[in-house]
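The values are calculated or read from the model by the stated rules, or taken from the named source; none is laboratory data. None of the values given here were measured: they were computed from a predicted structure. Cβ: placed from backbone, ideal geometry, glycine included. Neighbour counts: every protein chain shown.
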């Protein structure tokens, strides 16, 4: 049922996370369970659980029972936000399948998102206050990131710093919280907890930047979702920012005109993607992603090489920028 | 700012709940704060906080600091569900003002709902595991109630028992959880905790039944929202169930025809309301509400009369069925 494209030495634990999630979405309303299972079973990368468990193990954690619970909570919350995101963005497909709201209707999907939120918080709420605080903070930041992104719809003056702030809140902080709380549950020293938080935030930034590149260069069949979504929706992402900085003058004006349009045809979207690709912005953006990937690996410097999970975390960081889905 | 139509001896504590809520919805995204404040400041009855604090005091609780926190969490979660409900039901106004999604758009409203959820759970997650469990359970039940209600849209064969099960999950259990956890925080004996849970569930059933009556007989100006919503949306509620049981044969068929229609004109809605009113179903339904109100009061029997909050809880139960908004 789980379709994870990777294995970073925590396959067994991820299987247990999966069981924990499936057990938590039982419901005597068959439709609610069906929609929740539809979303959960569609796979997904399980990046947050992977990071939480790796950080726990790399920080010297032994019995993973608690971190498995927390990882399940993070993934449930993440799934909730994906359902709500798709409603908000009009996302038609996700992970190669029709998005939940398209298949089951907005009302049912919205409620199922709430249900998954609640189930995640029900599990997460059993952890010590610092972990509850951290989880609630990053979830609130995520909402702020969503609003921030929408505020800047079609804003071709969005700076690199503003973009990074949005993706930090939308993607990097939840991943950082996964790493950080994994270390906390392992009873790691404060310095290690902070290193893990750094790893997570930089891995998350790299991950989202690559996602934004794949939205331009990816193969929809491999990705399991259409490309060009950010352009279509008016989200200005790093490839566009880099193209606007470096693109040739004529093309630059045309790209701006398209990005600013409220309604875009598929021709507009394709044209904008071409301009971005031809400008060299894709290579520049991937190199930006690699810088964050290197920062992520650097934050592991105090983890002893004898701990095999350090190497797995490095492999994960490498994989994040090399992936094509 | 708070427009509470009632005072049941916990006015001071409700003021502190209000501060706690306002403090928790601070955000550096001005729009997110604005929408959250718009919903929170529109008033509302603060029924869940009132019940939590009353139950705490009636159970002998002294320092209300913790129950004030929990009451704020319950109200935040409740506000989140109201925003999402309005999106789902197309509710145009709420508490005399335009609903949040109408004023700010579905996307912003959906995210603000998530934000309030998270803020509520962030506070609620700091409580002992039994309270976290209880909160998560009733929130999940609420989602199940929503799905259950939608499943029975236009279902004129909905039984009284099925209706009660839906409103138990949608309204009564969250109120019961407020009462129950108030008693738990007071350190009350298990028997008192269960009595408070009973009070809450019966008060909640009475409250929702009266709400469903007011959707037929209420004055939109006093209610702050349109009437006829349940008929318009295809929600079969107790007044309709009672009318179908007791209404004259000719009218009964017409009522069924209207309730089953997927699209209804305003004439249809008005006609259905008239049939229900003329059938005597309103009186019958209010008498059903009173039975639950009496059960609520009965569950207070072991609270000593010397505790002044017992009388306040009885007054609240009386008020619930007498209110016109």
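Residues that are under 19 Å from the mean Cα position of the chain (by Cα), at negative phi and modelled with pLDDT under 95: list the helices (runs of 4 or more DSSP H) wholly contained in region A:157-267 that include at least 2 such residues.
Working: elements: A:160-167, A:173-185, A:190-217, A:220-223, A:229-233, A:238-246, A:249-260.
Where helices (runs of 4 or more DSSP H) fall fully within region A:157-267 and carry at least 2 residues being under 19 Å from the mean Cα position of the chain (by Cα), at negative phi and modelled with pLDDT under 95, they are A:220-223, A:229-233.
Is it the case that residue B:121 is part of a loop (DSSP other than H, G, I, E, B), touching a helix residue (DSSP H, G or I) at 6+ places or on another chain (Cβ under 8 Å) and facing chain A (nearest Cβ under 10 Å)?
Numbers: part of a loop (DSSP other than H, G, I, E, B): no; touching a helix residue (DSSP H, G or I) at 6+ places or on another chain (Cβ under 8 Å): yes; facing chain A (nearest Cβ under 10 Å): yes.
Here the answer is no, as residue B:121 does not meet what is asked.
State which residue is farthest from the chain's Cα centre (by Cα) when the search covers only region A:124-142 and only residues that are part of a helix (DSSP H, G or I) and surrounded by fewer than 20 Cβ atoms within 10 Å (Cβ to Cβ). Before you say what the answer is, go through the steps one by one.
Within region A:124-142, the subset part of a helix (DSSP H, G or I) is A:124, A:129-142.
This time we only want the ones that are surrounded by fewer than 20 Cβ atoms within 10 Å (Cβ to Cβ), so: A:129-130, A:133, A:137.
Numbers: A:129: 25, A:130: 23, A:133: 20, A:137: 16 Å.
The extreme case among them is A:129.
Out of all the residues in region A:144-155, which are touching a residue at least 60 places away in the same chain (Cβ under 8 Å) and more than 7 Å from chain B (Cβ to nearest Cβ)?
A:149, A:152, A:153, A:154, A:155
Being modelled with pLDDT of 95 or more, within 14 Å of the chain's Cα centre (by Cα) and assigned to a helix (DSSP H, G or I) is the requirement here; does residue A:74 meet it? Walk me through it before giving the result.
Working: modelled with pLDDT of 95 or more: yes; within 14 Å of the chain's Cα centre (by Cα): yes; assigned to a helix (DSSP H, G or I): yes.
It is true that residue A:74 is modelled with pLDDT of 95 or more, within 14 Å of the chain's Cα centre (by Cα) and assigned to a helix (DSSP H, G or I).
Mind checking which residues of region B:70-118 are buried (at least 24 other Cβ atoms within 10 Å of the Cβ), at the interface with chain A (Cβ under 9 Å from one of its Cβ atoms) and without any contact (Cβ under 8 Å) to a residue 24 or more places away in the chain?
Of everything in region B:70-118, just one residue is buried (at least 24 other Cβ atoms within 10 Å of the Cβ), at the interface with chain A (Cβ under 9 Å from one of its Cβ atoms) and without any contact (Cβ under 8 Å) to a residue 24 or more places away in the chain, namely B:118.
If the requirement is being over 20 Å from residue A:166 (Cα atoms) and surrounded by 15 or more Cβ atoms within 10 Å (Cβ to Cβ), which of these qualifies: A:228, A:224? I'd like the intermediate steps shown before the answer.
Numbers: A:228 fails: over 20 Å from residue A:166 (Cα atoms).
When all the criteria are applied, what remains is A:224.
Matching residues to (1) more than 7 Å from every other protein chain (Cβ to nearest Cβ); (2) farther than 19 Å from residue B:108 by Cβ:
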site	(1), (2)
A:136	no, yes
A:142	yes, no
A:164	yes, yes
A:168	yes, yes
A:171	yes, yes
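When you look at residue A:53, is it within 18 Å of the chain's Cα centre (by Cα) and part of a helix (DSSP H, G or I), yes or no?
Details: within 18 Å of the chain's Cα centre (by Cα): yes; part of a helix (DSSP H, G or I): yes.
Considered against the rule, which asks whether it is within 18 Å of the chain's Cα centre (by Cα) and part of a helix (DSSP H, G or I), residue A:53 comes out as yes.
Does any residue of region A:56-67 turn out to be within 14 Å of chain B (Cβ to nearest Cβ), free of Cβ contacts under 8 Å to residues at least 60 places away in the same chain and more than 19 Å from the chain's Cα centre (by Cα)? First the steps, then the outcome.
So the first thing to find is which residues in region A:56-67 are within 14 Å of chain B (Cβ to nearest Cβ), and the list is A:66.
Imposing the further condition that a residue be free of Cβ contacts under 8 Å to residues at least 60 places away in the same chain reduces the set to none.
Scanning region A:56-67 turns up no residue that is within 14 Å of chain B (Cβ to nearest Cβ), free of Cβ contacts under 8 Å to residues at least 60 places away in the same chain and more than 19 Å from the chain's Cα centre (by Cα).
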